[in-house]
Amino acid sequence: MQDTVAVVNGLCLVGNEFVKANVLLENGVIKEVTKRELKADEVLDARKCLVLPGFFNSHTHVAMTLLRCAVEDVPLMEWLKTVWSIESKMKEKDVYVGAKLGIAEMIKSGVTCFSDQYFHMDGVARAVEESGIRAVLGYGMIDMESEEKREKELREAESFINEWNGRCNRITLSVDPHSPYTCSKDLLLISARMAEEYGLPVHIHVAETQDEVRIVREKTGKTPVEYLDELGIFNYRTVAAHCVWLSDDEIKLLARRGVSVAHCPVSNLKLGSGIAKVAEMVKEGVNVCLGTDGAASNNSLSVLGEMKFAALLQKFRLSPAAIKALDVLKMATENGYSAYGLRGGKIEVGYLADLVVLKKSLSYTPLYNPVYSVVYSSYGFEVRDLIVDGKILMNDGKLRTMDEESLLDEAESASLRLQEGFSRPKV
Ligand code: NI
């Protein structure tokens, strides 16, 4: 019998509104949402706090925390060259340390679940297992038209799936062909078959840059979305990251095919990729969720930060009324969970017991409407407690499952080893 946790006296987001309620968590799910008094093994008093479903970081490469600020303020090709050469030195132990660093950061900023695509994924999975966070994990496959590489990548992806299938209840697996321009047609076709065979979601980068659209068009005569649809990639539960360069017809196609879009506004701005047509996607009924992308192109893993950027960019593009705060809050919570087929992201009986408690602090005062406060006024210091799978991972700002101090030293020494041969960036 698992311990029970009650979060009491808080202002809870139930449906579309914040109401005073007590929440009982048992066996990893929400057992009761009530006004009555609750007893539990551990009770969190959320008086003067907001209680929300935890945030979902729907597209990241968490171990890239080790590359954060390694190279900045240079043109894209120069940036990529440095990032790739550091990545080529990364071993599984580095990915493990980088993942732990990123997970600790995410827990502290209110993230209860993330979707990750990278290499040495055993390192990420171990960090997830130990830390108590929830994740969707897939090995990122790239073959660049080489048959030998394709076979190697498929073996890696499959052995990761077989290794972790059913091993940890908080880990969901995914099939991750990197993108339509780094994967051959064969690799994409096999990925689609793999998703069907294992019954897993597909997580892929799509239409991130104008260059990508040009390359795919030259190779196939089609746009990335048309091409992937033709190959059957959208026949399953698919999450397409970025989708910056889409036509109106492609947005309609994604909506029709039930493809979710992981919008990564900060990364798109930092790499100069562009601004996705999120308001139009929402209007057409596309399930849009939010991602930070890797820390090298963000530089944080804060979904709170993405919420504000996501809202501001649409207001800048169209008008201040183009997107509503409540829609953005849903992108950060329930849309991420449903994109990957998880019953979470809502404070409702039977949903996953993944919650965040935010303090009504300076930035939320006065509190006219908590939805506006969370989306537009958050810094991150408001995050007080975090619960995943019914377990308290952070209480009053202190991590329970990770040692923050030793993590800093571990990550610093891993990054020094990786940066050998590179000069520290000048400012
Ligand atoms: Ni990415």
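The values are calculated or read from the model by the stated rules, or taken from the named source; none is laboratory data. As the structure is a computational prediction, the values presented were derived from the model and not from experiment. FYI the Cβ positions are ideal-geometry reconstructions off the backbone, even for glycines, and counts take in every protein chain you see. Accessible surface is based on the protein model in full, side chains and every heavy atom, while ligands, DNA and RNA are left aside. Shrake-Rupley method; radii C 1.70, N 1.55, O 1.52, S 1.80 Å.
Here VAL303 fits the description: within 16 Å of the ligand (Cβ to nearest atom), under 29 Å from VAL383 (Cβ atoms) and of a type in the set (Val, Ile, Thr).
Taking segment 137-185 as the search range and keeping residues that are of a type in the set (Asp, Glu) and closer than 19 Å to VAL62 by Cβ, which one is most open to solvent (accessible area, probe 1.4 Å)?
So, considering only residues that are of a type in the set (Asp, Glu) and closer than 19 Å to VAL62 by Cβ, the one most open to solvent (accessible area, probe 1.4 Å) is GLU163.
The condition of being open to solvent by 40 Å² or more (accessible area, probe 1.4 Å), out of contact with any Phe, Trp or Tyr (no Cβ under 7 Å at 6 or more places or on another chain), among the basic types (Lys, Arg) and part of a helix (DSSP H, G or I) holds for only one of LYS308, LYS330, that being LYS330. Restricting segment 277-297 to residues that are surrounded by fewer than 24 Cβ atoms within 10 Å (Cβ to Cβ) and of a type in the set (S, T, N, Q) leaves a set whose member that is modelled with the highest pLDDT is ASN287.
May I ask you to verify whether GLY350 is within 30 Å of SER174 (Cβ to Cβ) and loosely packed, with under 13 Cβ neighbours inside 10 Å? Yes: the conditions hold for GLY350. Six or more apart or on different chains, Cβ under 6 Å: which pairs go from a residue in segment 337-361 that's among the hydroxyl-bearing types (Ser, Thr, Tyr) to one that's surrounded by fewer than 19 Cβ atoms within 10 Å (Cβ to Cβ)? Could you list them? Correct list of pairs: TYR351/ARG343. ALA296 satisfies every condition listed in (1) part of a helix (DSSP H, G or I); (2) within 28 Å of ALA192 (Cα to Cα); (3) within 15 Å of the ligand (Cβ to nearest atom) except (2). Kindly provide the set of residues from segment 206-253 that are over 20 Å from LEU189 (Cβ atoms), assigned to a loop (DSSP other than H, G, I, E, B) and either away from the ligand (no atom under 15 Å from the Cβ) or in contact with an Asp or Glu (Cβ under 9 Å, 6 or more places away or on another chain) (or both), ordered by number. If the condition is that a residue be over 20 Å from LEU189 (Cβ atoms), assigned to a loop (DSSP other than H, G, I, E, B) and either away from the ligand (no atom under 15 Å from the Cβ) or in contact with an Asp or Glu (Cβ under 9 Å, 6 or more places away or on another chain) (or both), then CYS243, VAL244, TRP245, LEU246, SER247 are the ones that fit.
Within segment 251-266, residues that are farther than 16 Å from HIS205 by Cβ sit with their Cβ atoms under 9 Å from residues that are hydroxyl-bearing (Ser, Thr, Tyr) and assigned to a strand (DSSP E or B), at 6+ positions apart or across chains, in these pairs: ARG257/THR238; GLY258/THR238.
Among VAL136, VAL124, which is the only one that is in contact (Cβ under 8 Å) with a residue 60 or more places away in the chain, under 24 Å from LYS89 (Cβ atoms), within 16 Å of the ligand (Cβ to nearest atom) and not polar (S, T, N, Q)?
Numbers: VAL136 fails: under 24 Å from LYS89 (Cβ atoms).
The unique qualifying residue is VAL124.
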